[in-house]
Amino acid sequence: KTVTGVPQELIYLFMTAFLEKNRDNASGEALQQQRVIATYPGYQSLTEVAVHLGCDVDAWTPKVDDGSGSVFFDVDDLEALIRRDDGAQVKLLVINFPHNPTGCILSKGELERVVALCREFGIAIFSDEMYRGLERKEEDRLPAICDAYERGISLSGMSKVFGMPGVRQGWLCWGEGDSHLDDCFERVLELKDYTTICSPGPSEILTIAGLRQKERLMDRCRMICAQGLEAIEQVMGKHEDIFSWYEPPGGSTAFPSLKLTKDDVDAEKFCELAVSECGVLLLPGECYDVLPGNQLHGVQDQSP
């Protein structure tokens with residue numbers, strides 16, 4: 001089962017359809033405490049819609065390997081969050097691999113363990129797969145969660161992997177064999193009548209044309225990522241005294257860090273200088289520090 005639309009719209013529609021019973025329509029107050037766990041930091045609406053609907057949102061945050069400096073998501077941490085007994089049911093896990101902004105990817109074995117945990121506890125998985133296809137190694141590519149799990153929902157679209165963000169077109173695909181998700185699918189269709197109803201014809205035509213040439217478009221985007229990776233590797237290698245760096249295994253973003261002392265500018269000031277004096281746009285790690293309802297910190301406090 002598939003619904004098409006603007007990816008941002010599809011996130012909103014699914015979260016609303018799947019989590020809306022958590023909020024009383026008259027008072028706006030939460031009827032029961034439902035928990036959502038999400039990879040974090042990440043695309044804002046992947047957590048904000050659940051927060052708006054009154055859910056408790058817990059962050060599954062990455063760690064840094066002390067030896068290699070690589071960033072990774074520890075499934076043990078996820079299991080601890082799921083098994084935490086605080087009286088609230090974990091209803092949904094939101095994941096994003098390759099991860100934005102760190103570029104992390106789970107191994108296939110780790111994903112299988114995540115699916116097994118969610119199956120054990122009756123948790124649905126919403127997987128943002130907008131960067132799926134931009135792995136450095138094709139063998140690292142994970143299966144779509146809608147194919148790997150009967151309670152899985154996959155989001156993808158034309159913007160990242162195909163390089164066609166202007167068409168504003170994406171799709172949401174459901175796993176097979178879960179009656180509750182079948183009901184959610186029907187509710188998404190109902191809610192879509194109050195948003196865009198249907199996609200613009202020109203966007204659909206351009207999307208079809210793009211998908212007919214998908215390998216060419218994906219090769220082009222991989223080439224752009226490879227060129228960017230080569231450029232940033234040169235910068236990091238030239239300025240090892242300023243930056244610490246690891247090569248992300250996928251995606252088009254990374255999470256380097258500044259090696260700062262108390263006498264240096266902080267990450268936010270550094271980013272301001274980079275854009276004002278060099279025309280280079282960076283995002284300071286402080287932007288990822290807070291998730292509503294949870295006090296959080298990014299991978300490293302000084303990550304630009």
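Odds and ends about this structure:
- ³J(HN,Hα), Karplus 6.51/-1.76/1.60, whole Hz, each residue of segment 179-186, x for Gly, Pro: 5, 5, 5, 4, 5, 5, 4, 5
- Label corresponding to mean projected area of the Cα convex hull in nm² when calculated from the structure given, among (1) 30.1; (2) 17.6; (3) 19.5: (2)
- Contour minus Cα-Cα distance for His52 and Arg216 (0.36 nm per residue): 55.1 nm
- Note on Asp182 and Ile205: the extension gain reaches 5.5 nm, defined as 0.36 nm multiplied by sequence separation minus the Cα-Cα distance.
- Annotation: Cα Rg of segment 113-182 relative to the compact-globule expectation 2.2 N^0.38 Å equals 1.21.
- Fully extended contour minus Cα-Cα distance, from Ala274 to Ser68, at 0.36 nm per residue: 71.5 nm
- Near the amide H of Gly157, within less than 5 Å, lie the amide hydrogens of Trp171, all on another chain or at least 5 residues away, with H placed in the peptide plane.
- Simple label model, 7 Å out from Cα along Cβ direction - Ala116 to Ile197, nm: 4.9
- Net +/- balance of residues flanking Gln213 in space, Cβ distance below 12 Å, scoring K and R +1, D and E -1: +2
- In summary, segment 172-223 shows an alpha-carbon radius of gyration equal to 1.59 times the 2.2 N^0.38 Å reference for compact globular proteins.
- Carbon/sulfur fraction of accessible area - the chain, other protein chains in place, 1.4 Å, %: 51
- Cysteines of the chain lacking any other cysteine Cβ under 4.7 Å from their own Cβ: Cys55, Cys104, Cys118, Cys184, Cys198, Cys221, Cys225, Cys271, Cys278, Cys287.
- Residue-by-residue Karplus 3J(HN,Hα) for segment 227-242, coefficients 6.51, -1.76, 1.60, Hz, glycine and proline x: 5, x, 5, 4, 5, 6, 4, 5, 5, 5, x, 6, 10, 5, 6, 9
- Environment charge of Gly133, counting only residues whose C-beta is closer than 15 Å and scoring Lys/Arg +1, Asp/Glu -1: 0
- Label-point separation in nm, Glu79 to Glu20, each point 7 Å along Cα→Cβ: 3.7
- Accessible surface computed residue by residue for the chain, with neighbouring protein chains in place and a 1.4 Å probe, gives 50 Å² per residue.
- For Gly250, nonlocal amide neighbours, meaning residues 5 or more places apart or on other chains whose placed amide H falls under 5 Å from its own, are Arg136.
- Per residue of the chain, the DSSP helices (runs of n ≥ 4 H) give a summed -39500 (n - 2.57) that works out to -11500 deg cm²/dmol at 222 nm.
- Karplus (6.51, -1.76, 1.60) ³J(HN,Hα), θ = phi - 60°, over segment 108-125, in Hz, Gly and Pro reported as x: 4, x, 5, 5, 4, 5, 4, 4, 4, 4, 5, 5, 4, 9, x, 9, 7, 10
- Net charge dipole size for the chain [Lys, Arg +1 and Asp, Glu -1 on Cβ; Debye, nearest 20]: 920
The values are calculated or read from the model by the stated rules, or taken from the named source; none is laboratory data. Quick caveat: nothing in here was measured; it's all calculated off a predicted structure. Cβ sites come from the backbone with ideal geometry, for glycine too, and all protein chains shown count toward neighbours. These area figures cover heavy atoms from the full protein model, side chains too; ligands, DNA and RNA do not enter into them. Shrake-Rupley method; radii C 1.70, N 1.55, O 1.52, S 1.80 Å.
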